[in-house]
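Okay, so here's the structure we're looking at.
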Amino acid sequence: TFTTAGGGSLMTDDFNDGNFTGWQVVNEGTWEGPSKWAVVGGALQQTSNIYDGNTDGAVLPKKGTFVWYTAGQSWSNYQVGVELWSTDDDALGVMVRYRDPGNYYRFSWDAQRQYRRLVKVVNGQVTLLRQDTVAYVPNQKYQVEVLAQGSTLEVRVDGVPLFGGPVMDSALATGSVALYSWGNIGSVFEKVQ
């Protein structure tokens, strides 16, 4: 549940209603698209291989596809949690403070290229904030949380903080959340809180 400063909930979506109303699809990848987002069995899935054509793990843009929550544009300080996993081995993740395709923070995780990565995109320019070389295990569910509080960003997987703790960056103060997939025909997301 997204909570307000007073403790009230901003949004919860478990996709059990069979749709993803309130989320908007954005396709940035130009190879093997378009995206194929659908709710199946109470989970949001993306099942096309859409990506930007560059498979080098060191290249930062990694433009694929994402869905963003359209009612969250004015959100500033919040924590998002989502259960995610993949039947494939390419990148998937969570975006926070999403304003538009040229401005957001993105946590992405790739098993094949063995990285967990936090980037910022400001006016279309991609900057690496933190990265490590840990791959996810395909078909294993993970609870991913991203905290955006002031200039503090913190990513946790199954409750464990990544990258040695909080990352400081003040480029983007407001924006919504999004769910991200790159070259991944088996991205699965559920229980967005």
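Net charge in the neighbourhood of Trp109 (other residues with Cβ under 9 Å of its Cβ; Lys, Arg +1, Asp, Glu -1) is +1.
By its C-alpha gyration tensor, with a ≥ b ≥ c as the square roots of the eigenvalues, how is the range 61-192 shaped: rounded for a/c under 1.5, else prolate for a/b larger than b/c, else oblate? Numbers along the way, then the final one.
Working: a/c = 1.45, a/b = 1.36, b/c = 1.06.
Cα axes put the range 61-192 in the rounded bin.
If you run the Gaussian network model on the chain, springs between alpha carbon atoms under 10 Å, then out of Leu44, Leu179, Leu60 the most flexible one is Leu60.
Cα-based count: Lys pairs in the chain below 17 Å, eight or more positions apart or different chains? Don't skip to the answer; put the middle values down first.
Details: Lys36/Lys63; Lys62/Lys120; Lys63/Lys120; Lys141/Lys191.
Close lysine pairs under the 17 Å cut-off: 4.
Once Rg and the Kirkwood radius are both taken over the C-alpha atoms of the range 1-111, their ratio Rg/Rh works out to 0.96.
If you take the square roots of the eigenvalues of the alpha-carbon gyration tensor of the range 28-79 and sort them as a ≥ b ≥ c, do you get rounded (a/c under 1.5), prolate (a/b over b/c) or oblate? Cα axes put the range 28-79 in the oblate bin.
No lab work stands behind these numbers, since they all come straight from the coordinates. Everything numeric in this text was worked out from a predicted model, so none of it was measured. Virtual Cβ from ideal backbone geometry, glycine too; neighbours counted across all protein chains shown.
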